[in-house]
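To keep things clear, I will list the structure first and then write my remarks on it.
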Amino acid sequence: MAKLDFTKELADLYHPSTTTFEIVDVPHMPDLMVDGHGDPNITQEYTHAVEALYAVAYRAKFMSKAELARDYVIPPLEGLWTADNMRSFTTARDKGTWDWTMMIMVPAWITSEMYERACDDVRRKKHVTALQKLRMASYHEGRAVQITHIGSYDDEAPVLERLHQEWIPHHGYTENGNHHEIYLSDPRRTAAAKLKTVLRQPIRKT
């Protein structure tokens, strides 16, 4: 059975340049989502959200393989981030003020019925604190600008400053949605200096 890898099938969405900002049009994509607030490094709410996402994502994958004979690699963890002041991302890095939606994309063939069964299976087997906060929804980002950042998450600030203060206004755009990050590396197994993260910002013409 072939195993589909969305990061390869949709390479333009997951592997942008590491040096140049690129425009991409992102289609509707079904995602598992959990909303939360606060510093992801210290809040249990974030830890519980990620646990729920992976628990259901893997259960849905196993169901897909067993019932539909369609196997795939679990796509990377993603996050939508917002705050009242953008400077909390680019200058102060005041993570305690951040709101976030953590996400994992699921294939379009994972139906709402399969999702509900996956949640029920997880619920029966173990206690997952944030399971009741989990939802599956279609997210449409549309036109966006993105770049691959290599390095620690805290080293993103200068790149985001250039993106928001220089590239976006100089090219006649304005922000049109939440700051989006796609985590291509596992921080538990990858040195901070080698982490790969897609930084994406939805945009529209002014």
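Structural remarks
- Residues satisfying the stated conditions in the range 113-158, i.e. closer than 27 Å to Leu195 by Cβ, of a type in the set (S, T, N, Q) and either open to solvent by 50 Å² or more (accessible area, probe 1.4 Å) or part of a strand (DSSP E or B) (or both): Thr129, Gln146, Thr148
- For the range 5-58, residues that are open to solvent by 70 Å² or more (accessible area, probe 1.4 Å) and assigned to a loop (DSSP other than H, G, I, E, B) total 6.
- Among residues of the range 89-112 being out of contact with any Ser or Thr (no Cβ under 8 Å at 6 or more places or on another chain), of a type in the set (Ser, Thr, Tyr) and open to solvent by 30 Å² or more (accessible area, probe 1.4 Å), the one that is farthest from Ile42 (Cα to Cα) is Thr111.
- Apart from one condition, Lys61 fits all of (1) among the charged types (D, E, K, R); (2) touching a residue at least 60 places away in the same chain (Cβ under 8 Å); (3) surrounded by 15 or more Cβ atoms within 10 Å (Cβ to Cβ); (4) not in a strand (DSSP E or B); the exception is (2).
The values are calculated or read from the model by the stated rules, or taken from the named source; none is laboratory data. All of these numbers come straight from a predicted model, not from anything done at the bench. Cβ atoms come from the backbone with ideal geometry, glycine included; neighbour counts cover every protein chain shown. Ligands, DNA and RNA are stripped out before the accessible areas are found, and what is left, the full protein with its side chains, is counted by its heavy atoms. Shrake-Rupley method; radii C 1.70, N 1.55, O 1.52, S 1.80 Å.
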